[in-house]
Amino acid sequence: MKQSGNILFTGVGGQGILLASELTAYAQLAAGYDVKKSEVHGMAQRGGSVVAHLKYGERVYSPLIEPGTADIQVAFEELEAVRYLPYLHRDSAVVVNTQKILPPAVATGRASYPDNILEELRARHIHVVAVDAFAVAREIGEIRTANVVMVGAMSNFLAVSPGIFLDVIDQRMKKGFRKVNRKAFAAGRDLVYASRRHDKKR
Amino acid sequence: MSVTKTDRLWLSGNEAIALGAWEAGVQVASGYPGTPSTEILENLCSYEGVYTEWAPNEKVALEVALGASFAGVRALATMKHVGLNVASDPLFTASYTGVRGGLVVITADDPEMHSSQNEQDNRNYAFAAKLPMFEPSDPAEAREMLARAFEVSERYDTPVLFRITTRIAHVKGVVATGKRIGLAEASMEKVPGKFVMLPGPARTRRAAIEQRMTDLRELAETLGENRIEPGATARAFITAGTSYNYVKEAFPEAAVLKLGMVWPLPGEKIRDFAAGVDELIVVEELDPFLETHIKAMGVPCRGKDLIPSRGELNSFIVRQAIEPDKVGELFDPIELPMRPPNMCAGCPHRGLFYCLSRMKDVFVSGDIGCYTLAALPPLSAMDACVCMGASIGMAHGMAKALGEKGKGRIVAVIGDSTFIHSGITGLINSVYNDSYSLVIILDNRITAMTGHQHNPASGANIKGEPAQAVNLEKLCRAIGVKRVTVVNPHDIEATGKVLKKEIARGKTSVVISRAPCVLLPSEVKRKKPVYRTVTENCTGCMACIRIGCPAISWHPLTPEEAVERGYRSKQKGFSMITEVLCNGCGQCAALCKFDAITAVEDEG
Ligand code: SF4
Ligand code: SF4
């Protein structure tokens, strides 16, 4: 099993990043790692760009990921997937939800949302996995599980077994939500797994 | 919340401090919400056997905790860094009185200003107030060190400062748990020589402080929290707080003197450590606090000549500062549209600030809360913001300086919680000294920015139980304000009219802009209409865009696209409401003159 790793969660305040990063952290803890996670509350949460750092390993000191060392980024929005570029390296994997939320300057006609922004990542040979988490969540019948779909997709890049994630969902979610979130996790996981196999075939 | 074993939890620093406070037998805790300190009391209030409260401000919070300490029980006061400025008055003299029950004051500093107006380094308060200060490096340590802080408080008869930063408060890590200690029995004891700080007793206590600092310096030499971690001595470090983590990651092989008590410093230990190493570097965030005092001991070291004194550090910054040639290349950031925070869709503040944004000639003296975001475009409707409660005093000062020239042009804007925190005295001053500024109280029934805490005007206490609510209208009238008008800020037209009239009056008057925060549970549950854009009616006038609601977006068009959509070729674009984001406030609909925004009754 990989000895340590860094996962960056990025998105827009209110998108459910917190829950996604918590699930991942608890899965890592259950797998026996030391885990630290850093987030920012307060003003940053009012629809602003938000980021959470998750680090795991045998003994984690710093709660902050060093620039250039994020192994995985889970991005809930396309612009935000690119905003933290200096944190990534050439072997990073970016799992991105293909959603565009217009920043205020764009929404008020003072700037435009860049086209094909994810190409910026691909051009740097970063492995990008685009996931339409909302479409998947809608299919499952609970739009609010989009963040768990993202966790499922991301889990393909971790050594932690999916069973541990499912256990965490059972332990940490309210009764009525467990089933649908287990489904969401599995759907996210299969999505990427399938596309990775597809990649290999090509 | 079990992780693997039940005696270990995974907690944020603030949750760990709440746990630590409970275990340490704290019986009274008071604070004022402020990022990044808020969750300490929010968590502590759910423990049994400890009284917790939100005070109207940090000064009151500290006084409450001090009183509890005088009654012989352990007490805690919590606040953000700038809150300690407010509480500094009792703090400096509590240093003289000392304590009966242990007293710990938590200051949550915010290097990098994630959610603050400055990044002051509150370690300076420990020096200035002659108080011991502890500083943990992570949540687990925060819990353990708090117990030590209470011990020291009682043993050395002193309030203890406990400094955390954002990267302790809002970092989650594995934390051990323990049992709660036996509680002290509260009692009343009259000790005038200790509690009554008239000049005579104060002079006696002043001498006691010097003795105490000497004793504490001695303690610092042997305290387990000040530990040497052996390692390579070619380049060694002295560090504390979260910076310790960055040193451990950037230079894992180096010898480190980690200070858990950052004031007073262990002189002998530092000298011994320095003597055994070739190069000594002090790594600390913000001010050269440790460095200055270590240099004053005559110990040569490096510090801020290498390490930035602005903003947060991380292991990368530390490594780069010390070994610039050894850092790898990074991807350069790409220039992207910024994504600053914004007031929520349907926020009542937006309506009020929209009205102000139309009064170009008016100077808006602002204050601290969600509504400070109204300073950002497109509203750009706040012209000053300094600290909690400052809006009213600043407006008055401007009025006195400008005289006739400023009449009808000066407005102070302040939230309900901020008004109670420290705006009331400003209003008394404005009335007493005959000002003419208009004071607008934004009453959204909650302390919103910090995550919706109750306050003395909201009608509930920290646990959400019913409590007496301040009647803001009556309070203003009692102060002597002749005109107090209440408006509904969602009604933009009526609000605009009232503001125009009141601002022109040339006497201090108050407008209370009252509508609940849309994130209040009662508001979230309430059935609201949803507004929809009738795009074929949109003329692209951008009137609704100017309120900056996150549910409304502008979609630019080329002339061809415009024609294709059935618009005139000159039309530059159209506006569109994202219905799932709309909170049904109706503000935008009132601005549209072309019937392009209409309410649809919620089908659900
Ligand atoms: S949280 Fe409440 S007060 Fe703050 S911006 Fe949103 S609606 Fe306005
Ligand atoms: S009614 Fe208009 S201004 Fe109000 S929340 Fe909906 S879109 Fe925004």
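The values are calculated or read from the model by the stated rules, or taken from the named source; none is laboratory data. The model shown is predicted, which means the values in this text are computed figures rather than measured ones. As a convention, Cβ positions derive from the backbone with ideal geometry for all residues, glycine included, and neighbour counts pool all protein chains shown. Surface accessibility is based on the protein's heavy atoms, side chains included, excluding ligands, DNA and RNA. Shrake-Rupley method; radii C 1.70, N 1.55, O 1.52, S 1.80 Å.
Quick one: in region B:348-523, what % of C-alpha pairs are over 21 Å apart?
Value for region B:348-523 (Cα pairs over 21 Å): 42 percent.
For region B:562-601, what log10 I(q)/I(0) values come out of the Debye formula at q = 0.14, 0.15, 0.21, 0.26 1/Å, with one point per alpha carbon and no solvent?
Listed by q, the Debye log ratios stand at -0.41, -0.47, -0.78, -0.96.
Could you check how many percent of all C-alpha pairs in region B:266-317 are farther apart than 14 Å?
51
Hey, can you grab everything whose amide H is under 5 Å from the amide H of B:VAL26? Only 5+ residues off in sequence or another chain; H modelled, so Pro and N-termini drop out.
Long-range HN contacts for B:VAL26: none found.
Treat chain A as a sphere of radius equal to its Kirkwood radius over Cα pairs and apply Stokes-Einstein at 10 °C in a medium of 1.306 mPa s; give the translational diffusion coefficient in µm²/s, rounded to a whole number.
Result for D is 93 µm²/s.
What does the charge add up to near A:VAL149, with Lys and Arg as +1, Asp and Glu as -1, over the other residues with Cβ less than 11 Å from its Cβ?
Here the count lands on 0.
Restricting to Cα pairs below 8 Å that are 6+ residues apart, what does the relative contact order work out to for region B:348-523? Please round to a whole percent.
25
I want to check the label-to-label distance for A:ASP170 and B:LYS572. Put each point 7 Å from Cα in the C-beta direction and report it in nm to one decimal.
Rounded to a tenth, the inter-label distance reads 5.9 nm.
What's the angle, to the nearest 10 degrees (0 to 90), between helix B:88-97's Cα axis and the longest principal axis of chain B?
Once rounded, the angle reads 20 degrees.
Using a basic spin-label model with each label point 7 Å from the Cα along Cα→Cβ, how many nm lie between B:ASP89 and B:THR535?
That separation, rounded to one decimal, is 5.9 nm.
In Å³ and rounded to a whole number, note down the convex hull volume per residue for the Cα atoms of region B:147-186. List each step's numbers first, then the result.
Details: hull volume 4.4 nm³, N = 40.
Per residue, the Cα convex hull of region B:147-186 comes to 111 Å³.
In terms of solvent-accessible area of protein heavy atoms at a 1.4 angstrom probe, what is the ranking of B:ILE597, B:ILE181, highest value first?
Values: B:ILE597 15, B:ILE181 80 Å².
Largest accessible area first, the list is B:ILE181, B:ILE597.
Please work out, to two decimal places, the log10 of the ratio I(q)/I(0) at q = 0.27 Å⁻¹ from a Debye calculation in which every Cα of region B:98-142 carries one identical scatterer.
Normalising to I(0) and taking log10 leaves -1.13.
Once amide H atoms are built 1.01 Å from N in the peptide plane, which residues 5 or more positions from B:ARG100, or in another chain, come under 5 Å H to H?
Result for B:ARG100 returns B:PHE70, B:GLY72.
Using a probe radius of 1.4 Å on heavy atoms only, what accessible surface per residue do you get for region A:5-201? Whole Å² is fine.
That works out to 39 Å² for each residue.
Between the helical axis of B:348-357 and the dominant principal axis of chain B, each derived from Cα atoms, what acute angle in degrees is found, rounded to the nearest 10?
Around 70 degrees separate the two axes.
Can you tell me the mean projection area, over all orientations, of the convex hull of the protein assembly as shown's alpha carbons? Units nm², please.
On the way: hull surface 150.3 nm².
Seen from a random direction, the Cα hull of the protein assembly as shown projects 37.6 nm² on average.
What net charge is computed for the residues neighbouring B:GLY241, neighbours being all others with C-beta under 10 Å from the C-beta of B:GLY241, Lys and Arg scored +1, Asp and Glu -1? Present the calculation step by step, with values, prior to reporting the outcome.
Details: positive: B:ARG123, B:ARG163, B:ARG167, B:LYS258; negative: B:ASP109, B:GLU135, B:ASP138, B:GLU141, B:GLU284, B:GLU285.
Local charge sum for B:GLY241: -2.
Please work out the ratio of the alpha-carbon Rg of region B:439-487 to 2.2 N^0.38 Å and round it to two decimals.
Details: Rg = 12.3 Å, N = 49, 2.2 N^0.38 = 9.7 Å.
Computed over Cα atoms of region B:439-487, the ratio equals 1.27.
Distances longer than 16 Å among the Cα atoms of region B:234-308: what percent of all pairs is that?
Tail fraction, whole percent: 41.
Just add up the charged neighbours of B:ALA274: K/R +1, D/E -1, any other residue whose Cβ is under 13 Å from the Cβ of B:ALA274.
On the way: positive: B:ARG235, B:LYS269, B:ARG271, B:LYS295, B:ARG302; negative: B:GLU268, B:ASP272, B:ASP278, B:GLU279, B:GLU291.
Net of charged neighbours comes to 0.
Rounded to the nearest 500, what is chain B's calculated 222 nm mean residue ellipticity when only DSSP H runs of at least 4 contribute -39500 (n - 2.57) each, over all residues?
Result for chain B: -9500 deg cm²/dmol, rounded to the nearest 500.
May I ask what percent, to the nearest 5, of DSSP beta bridges between residues of region B:8-222 are antiparallel?
20
Between B:ALA599 and B:LEU402, what is 0.36 nm times their sequence separation minus the Cα-Cα distance? Round to one decimal in nm.
66.4 nm
What figure, in Å² to the nearest 10, do you get for the accessible area of A:TYR84 with a 1.4 Å probe and non-protein molecules left out?
Counting only protein heavy atoms, the figure is 40 Å².
Of the listed pairs A:LYS37/B:LYS130; B:LYS172/B:LYS326; A:LYS174/B:LYS258; B:LYS400/B:LYS463; B:LYS407/B:LYS572; B:LYS80/B:LYS248, which have alpha-carbon separations greater than 32 Å here? Please report the intermediate quantities before stating the final value.
Details: A:LYS37/B:LYS130 34 Å; B:LYS172/B:LYS326 30 Å; A:LYS174/B:LYS258 42 Å; B:LYS400/B:LYS463 43 Å; B:LYS407/B:LYS572 40 Å; B:LYS80/B:LYS248 27 Å.
From the list (A:LYS37/B:LYS130; B:LYS172/B:LYS326; A:LYS174/B:LYS258; B:LYS400/B:LYS463; B:LYS407/B:LYS572; B:LYS80/B:LYS248), the Cα-Cα distance tops 32 Å for A:LYS37/B:LYS130; A:LYS174/B:LYS258; B:LYS400/B:LYS463; B:LYS407/B:LYS572.
Considering the alpha-carbon set of region A:104-167 alone, what are its Rg and its Dmax in angstrom?
16.0, 47
What does the accessible area of B:HIS490 come to, in Å² to the nearest 10, when a probe of 1.4 Å is used?
50
Return the value, in Å² to the nearest 100, of accessible area buried between chains B and A (probe 1.4 Å, both sides summed).
4800
I'd like the carbon and sulfur percentage of the solvent accessible area for the protein assembly as shown, probe radius 1.4 Å, heavy atoms only, ligands and nucleic acids excluded. Please report the intermediate quantities before stating the final value.
Numbers: 17350 of 32650 Å².
The nonpolar share, carbon plus sulfur, comes to 53 percent.
For region B:8-222, what is the Kirkwood hydrodynamic radius in Å, using each pair of distinct C-alpha atoms?
16.9
Accessible area drop of at least 20 Å² (1.4 Å probe, protein heavy atoms): which residues of region B:100-120 qualify, relative to the chain alone?
Output list: B:HIS114, B:SER115.
Report ³J(HN,Hα) in whole Hz for each residue of region B:503-512, in order, from the Karplus equation J = 6.51 cos²θ - 1.76 cosθ + 1.60 where θ = phi - 60°; Gly and Pro get x.
Using θ = phi - 60°, the values come out as 6, 7, 5, x, 9, 5, 10, 10, 10, 9 Hz.
To the nearest 500 deg cm²/dmol, what mean residue ellipticity at 222 nm is calculated for chain A from DSSP H runs of n ≥ 4 alone, each contributing -39,500 (n - 2.57), summed and divided by the residues?
Per the formula, -12500 deg cm²/dmol.
Do you know the relative contact order of region B:219-305, to the nearest whole percent, from alpha carbon pairs under 8 angstrom that are 6+ apart? Present the calculation step by step, with values, prior to reporting the outcome.
On the way: 140 pairs, mean separation 28.4, N = 87.
Relative contact order of region B:219-305: 33 percent.
At a temperature of 37 °C and a viscosity of 0.692 mPa s, determine how fast chain B diffuses translationally according to Stokes-Einstein, using the Kirkwood radius over alpha-carbon pairs as Rh; express D in µm²/s, rounded to the nearest whole number.
On the way: Rh = 26.8 Å.
In µm²/s, the coefficient rounds to 122.
Over every pair of different alpha-carbon atoms in region B:338-380, take the mean of 1/r and invert it; report that Kirkwood radius in Å.
When all Cα pairs of region B:338-380 are included, the Kirkwood radius is 10.9 Å.
Using the alpha-carbon atoms, what tilt in degrees (0 to 90, nearest 10) does helix B:390-402 show relative to the longest principal axis of chain B?
70
Over the heavy atoms of A:GLU142, what accessible area does a 1.4 Å probe trace out, to the nearest 10 Å²?
Surface accessible to solvent at A:GLU142 totals approximately 40 Å².
Contact order normalised by length for region B:8-222, with contacts defined as Cα pairs under 8 Å and 6 or more residues apart; what percent is it?
27
May I ask for the Kirkwood hydrodynamic radius of region B:508-604, worked out over all distinct Cα pairs and given in angstroms to one decimal?
14.9
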